[in-house]
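What follows is one structure encoded as structure tokens, with my remarks underneath.
The values are calculated or read from the model by the stated rules, or taken from the named source; none is laboratory data. All values reported here derive from a predicted model rather than from experimental measurement. We place every Cβ from the backbone using ideal geometry, glycine too, and count neighbours over all the protein chains shown.
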Amino acid sequence: MKVGIFTNLHKDKDLSVTKALLKCLSYRGVSYAVDEELKSKVQASDYFSLSKPADFDFMLTVGGDGTILRVAKYCARYHIPVAGLNLGFVGFLTEEEPDRVDFLVDALINGQYSLERRTLLSAEAEGKCFFALNDVVVSRDSDSRMLEADVFVNDEFVDRYFCDGYIVSTPTGSTAYSLSAGGPILSPNVAAFILTSINSHSLHSRPIVVSENDEIALRIGGRGSVNLVVDGVSGARLSGGAEIRLKKSDAVVSFVRLSGHGFFNKLLTKLNKWGITSREE
């Protein structure tokens, strides 16, 4: 077995979690490669770059959900399952806490895990193609007026929105920005996308759930420019009149899941919006 190690150096500043992970892997005879940013910081005989192909059995990340988002598309391209050690605030996508490094590694070695496949969203605009695990957001430029966008599903007109921005989210992203904007939470196995406007200047604007087999188009009105943001990272600056076309990607990201770490358990323990931390008998 060989694994790739990708660490967020801003989260694991003293590399204590990364070093504990490397020690655990070495002790159990598991070979590994670390990402190129770690070259000068830890002792390792093998390295990898996100710009080059790799053949790992697993990708282990040290950081938060944002760290997983950085490697998700790479792992989808090369069919590498992902498991994360959480150093972030929420950690919906990460699987284990730092003090359970040994437990995670032993589960991978012994095959005591399942794989959960998550849909990627494809977005095309002005000749460029982007892929998102969480969401694609179109937002107004800092010096512009409200965003004006016509929304279509399968070329059928849905509505014209005047708002600060518009979110197209996967089920994975339903607990991220879309949730903050008033969108619903979708279980990861729901085959759907969520359309959510941000601060819409309307009395009737509500989030819309569409099939993952639907094709979505956003046509930008007005003369100002807008920002296209993919998984929290700026993707492009688009001019008025641009069209963004979105649909389900053929690629998927596979996440390692251990027993007892179900989706609704994570809702309870991580968002804790239900007012309890466990089911009362």
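Name the residues in region 104-122 that are assigned to a helix (DSSP H, G or I), of a type outside the set (A, V, I, L, M) and touching a residue at least 24 places away in the same chain (Cβ under 8 Å), would you? Within region 104-122, just 106 meets the criteria.
Evaluation of residue 18 against the conditions (1) under 21 Å from the mean Cα position of the chain (by Cα); (2) surrounded by 13 or more Cβ atoms within 10 Å (Cβ to Cβ); (3) hydroxyl-bearing (Ser, Thr, Tyr) shows that the sole unmet condition is (1). With respect to residue 56, determine if the residue is part of a loop (DSSP other than H, G, I, E, B) and at pLDDT 95 or above. For residue 56, the condition - part of a loop (DSSP other than H, G, I, E, B) and at pLDDT 95 or above - is met.
Answer yes or no: is there a residue in region 142-155 that is of a type in the set (Ser, Thr, Tyr), at pLDDT 95 or above and not in a helix (DSSP H, G or I). Checked against the condition, which is being of a type in the set (Ser, Thr, Tyr), at pLDDT 95 or above and not in a helix (DSSP H, G or I), region 142-155 yields no hits at all. Being surrounded by fewer than 21 Cβ atoms within 10 Å (Cβ to Cβ), in contact (Cβ under 8 Å) with a residue 24 or more places away in the chain and either outside the structural domain of residue 176 (by TED's automatic domain parsing) or closer than 23 Å to residue 176 by Cα (or both) is a property that residue 52 lacks.
In region 1-11, the qualifying residues are those that are in a strand (DSSP E or B) and within 22 Å of the chain's Cα centre (by Cα), and the one that is nearest to residue 106 (Cα to Cα) is 3.
For region 214-240, the candidate set comprises residues that are within 15 Å of residue 152 (Cβ to Cβ) and assigned to a loop (DSSP other than H, G, I, E, B); within that set, the residue that is farthest from the chain's Cα centre (by Cα) is 221. The test for being part of a strand (DSSP E or B), at pLDDT below 95 and small (Gly, Ala, Ser) holds for residue 139. The sole residue among 72, 83 that is outside the structural domain of residue 196 (by TED's automatic domain parsing), closer than 29 Å to residue 10 by Cβ and in a helix (DSSP H, G or I) is 72. Going by what's in this entry, would residue 177 be described as among the aromatic types (Phe, Trp, Tyr), surrounded by 20 or more Cβ atoms within 10 Å (Cβ to Cβ), under 23 Å from residue 262 (Cα atoms) and in contact with a strand residue (DSSP E or B) (Cβ under 9 Å, 6 or more places away or on another chain)? Taking the combined requirement at face value, the residue satisfies it.
Kindly establish whether residue 131 is touching a Ser or Thr at 6+ places or on another chain (Cβ under 6 Å), in contact (Cβ under 8 Å) with a residue 40 or more places away in the chain, more than 16 Å from residue 210 (Cβ to Cβ) and in the same structural domain as residue 203 (by TED's automatic domain parsing). Yes; evaluated as a whole, the condition is true for this residue. Pairs are defined by a Cβ separation below 7 Å, a sequence spacing of at least 6 or placement on different chains, a first member in region 184-205 that is under 16 Å from residue 172 (Cβ atoms), and a second member that is β-branched (Val, Ile, Thr) and part of a loop (DSSP other than H, G, I, E, B); the pairs so defined are 193/170.
Among residues belonging to region 152-209 that are more than 19 Å from residue 230 (Cα to Cα) and among the hydroxyl-bearing types (Ser, Thr, Tyr), point out the one that is farthest from the chain's Cα centre (by Cα). Step by step, filter region 152-209, then rank; the result is 202. The set of residues in region 12-53 that are within 17 Å of residue 75 (Cβ to Cβ) and assigned to a loop (DSSP other than H, G, I, E, B) comprises 49, 50, 51, 52, 53.
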